[in-house]
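The values are calculated or read from the model by the stated rules, or taken from the named source; none is laboratory data. Being a predicted model, the structure only gives us computed values, none of them experimental. Every residue, glycine as well, gets a Cβ built from its backbone with ideal geometry; the counts of neighbours run over all protein chains shown. Accessible surface is based on the protein model in full, side chains and every heavy atom, while ligands, DNA and RNA are left aside. Shrake-Rupley method; radii C 1.70, N 1.55, O 1.52, S 1.80 Å.
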Amino acid sequence: MSMDLGFHVHSEEAVERHGTFDDEMSVIEFLRRVTRMNSLPYDVTVYGLEDFICGANSPRDACEYIHNVLRDHANFLLTENPRVQFVVDDLEYWDEPVFRDGNDEIPLRDIFHGIEQEGSGWYYSNINVQS
C-alpha cells in the first residue's frame, strides 16, 4: 500500500483493494495516545471512528473533539510522522465525504479540514488538520 504520511480514511471497499497495516488500534486508544503524547506506530490502522462519532450524544461535538485533539497535538504528530489509516464502514460521497447518522450527514471536513479524495472510497488529510 502506497500512502503518504498523514491521515487516510478508507471505506471497507478501499480496504479490500489496498489492505491494512499490521499495527491496529481503536480510535479511543489512538486519541488517548495522541493526547498523552505516547508513541505511535509508524503505520497504524485505526477502527471505530464512525462508531465513536455516530454513537455520541452530539456527533458534531465528537467531530470537534477529535479535530481539536489532532490540531492541538500537531507538533507531536509531526514528530511521530505516522501514516494513520481510519477504516470506516459507511462513507458516502456527495459534494464531500460524509458519514450518515440517521438523516444527518456528518462531513469528514468537520475533523480533517483539508481532506481530499485520493481514490474511490479513499480520502487523505495531511497531519496539520487546519490546512
- Item | region 38-55 residues that are under 17 Å from PRO97 (Cα atoms), paired with ones that are among the acidic types (Asp, Glu) and at pLDDT below 95 (beta carbon under 7 Å, 6 or more apart) | GLU50/ASP89; GLU50/ASP90; CYS54/ASP101
- Query: Restricting attention to region 13-35, which residues are outside any strand (DSSP E or B), open to solvent by 10 Å² or more (accessible area, probe 1.4 Å) and farther than 22 Å from ALA56 by Cα?
  - Reply: GLU13, VAL15, GLU16, ARG17, HIS18, GLY19, THR20, PHE21, ASP22, ASP23
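So that you can scan it fast, the table gives a plain yes or no per residue for (1) surrounded by fewer than 20 Cβ atoms within 10 Å (Cβ to Cβ); (2) among the aliphatic types (A, V, I, L, M); (3) over 21 Å from ARG17 (Cβ atoms):
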| site | (1), (2), (3) |
| --- | --- |
| ASN38 | yes, no, yes |
| SER58 | yes, no, yes |
| PRO82 | no, no, yes |
| GLU118 | yes, no, no |
- Task: Identify, by number, the condition in (1) polar (S, T, N, Q); (2) open to solvent by less than 50 Å² (accessible area, probe 1.4 Å); (3) at positive phi that THR45 doesn't meet.
- Result: (3)
- Task: Take the residues in region 98-115 that are touching an Asp or Glu at 6+ places or on another chain (Cβ under 7 Å) and outside any helix (DSSP H, G or I), then tell me which one is surrounded by the fewest Cβ atoms within 10 Å (Cβ to Cβ).
- Result: ARG100
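Considering only region 96-131, how many residues are among the acidic types (Asp, Glu), within 18 Å of ARG60 (Cβ to Cβ) and out of contact with any Lys or Arg (no Cβ under 7 Å at 6 or more places or on another chain)?
First, pick out the residues of region 96-131 that are among the acidic types (Asp, Glu): 96, 101, 104-105, 110, 116, 118.
Remaining after also requiring within 18 Å of ARG60 (Cβ to Cβ): 96, 101, 104-105, 110.
Checking which are out of contact with any Lys or Arg (no Cβ under 7 Å at 6 or more places or on another chain) leaves us with 101, 104-105.
Counting residues in region 96-131 that are among the acidic types (Asp, Glu), within 18 Å of ARG60 (Cβ to Cβ) and out of contact with any Lys or Arg (no Cβ under 7 Å at 6 or more places or on another chain) gives 3.
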